[in-house]
Amino acid sequence: MTLFEYISVAISIIIALAIAEGLRGLQSALVPNRRYGIHVIWIFIKLANPIFFWWAIWGYRDFPESWNMGTFTLALVMPSIMYLQLHSLVSHNPEQVEDWRTHFYNQRRWFFGLNALLSACSVLGYTYVFISAPPEAIAIIAYAVIGLLSIAGFITDNSRLHAAIAIFVVAFNFVYWWVITFRPVSFT
């Protein structure tokens, strides 16, 4: 077993738990008379994030010198944050949530605080942690902007701003993950 294979086991467990947490509440969040569009968009974004993270982490298999306790911890913290975000979005008892709009705005500080932290971890990872990999300027700038937008989402409950933040993040995810990095780094 290589070091990357060993490390990826722990990462994949947290990723699986994050996705399961989001899927657990998805059906309840989609009930027509209770659903809130911005909330549903965020659930789908946050269901995609662990998948994108898993895809991206593959590129670091060829950089064993990059892996140490610090990089391993960061690689575990990021999907853990995604898990916590999905939990905040879908609730402990999603069937009991009567109004997802109210739930979203009640959870927004927790959710966007975690999103700002996740953005900071992404920027840190792209700039200082995985230094053997080529820098990703587009990702660094976008995650910095997402972090700033997350702070705005933390501060305000303005629904138009929240819609704009969600649309920006969807656009970034589409362009970055589906157009620019369709194949992970060093995939052979």
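The values are calculated or read from the model by the stated rules, or taken from the named source; none is laboratory data. Being a predicted model, the structure only gives us computed values, none of them experimental. When we count neighbours, we look across all protein chains shown, and the Cβ atoms used for this are built from the backbone with ideal geometry, even at glycine.
Summary table below
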{"item": "One residue from Ser80, Ser28 being out of contact with any Pro (no Cβ under 8 Å at 6 or more places or on another chain) and of a type in the set (S, T, N, Q)", "result": "Ser80"}
{"item": "Number of positions in region 153-166 that are part of a helix (DSSP H, G or I) and without any contact (Cβ under 8 Å) to a residue 40 or more places away in the chain", "result": "5"}
{"item": "Test: residue in region 83-91 that is surrounded by 18 or more Cβ atoms within 10 Å (Cβ to Cβ), closer than 19 Å to Val170 by Cβ, in contact with an Asp or Glu (Cβ under 7 Å, 6 or more places away or on another chain) and not charged (D, E, K, R)", "result": "yes"}
{"item": "Residue under evaluation Gln107, criteria (1) surrounded by fewer than 21 Cβ atoms within 10 Å (Cβ to Cβ); (2) over 20 Å from Gly153 (Cβ atoms); (3) not hydroxyl-bearing (Ser, Thr, Tyr), criterion not met", "result": "(2)"}
{"item": "Checking Ala18 against (1) touching a residue at least 12 places away in the same chain (Cβ under 8 Å); (2) surrounded by fewer than 18 Cβ atoms within 10 Å (Cβ to Cβ), the condition it does not meet", "result": "(2)"}
{"item": "Residue check for His92: not β-branched (Val, Ile, Thr) and not in a helix (DSSP H, G or I)", "result": "yes"}
{"item": "Exclusive hit being out of contact with any Gly (no Cβ under 8 Å at 6 or more places or on another chain) and more than 28 Å from Ile155 (Cα to Cα), set Ala56, Ala48", "result": "Ala56"}
{"item": "Residue in region 166-188 that is modelled with the lowest pLDDT, counting only those that are hydroxyl-bearing (Ser, Thr, Tyr) and either within 14 Å of the chain's Cα centre (by Cα) or within 15 Å of Ile140 (Cβ to Cβ) (or both)", "result": "Thr181"}
{"item": "Pairs, first closer than 17 Å to Glu21 by Cβ in region 37-62, second not in a helix (DSSP H, G or I), C-beta under 8 Å, six or more apart", "result": "Val40/Leu30"}
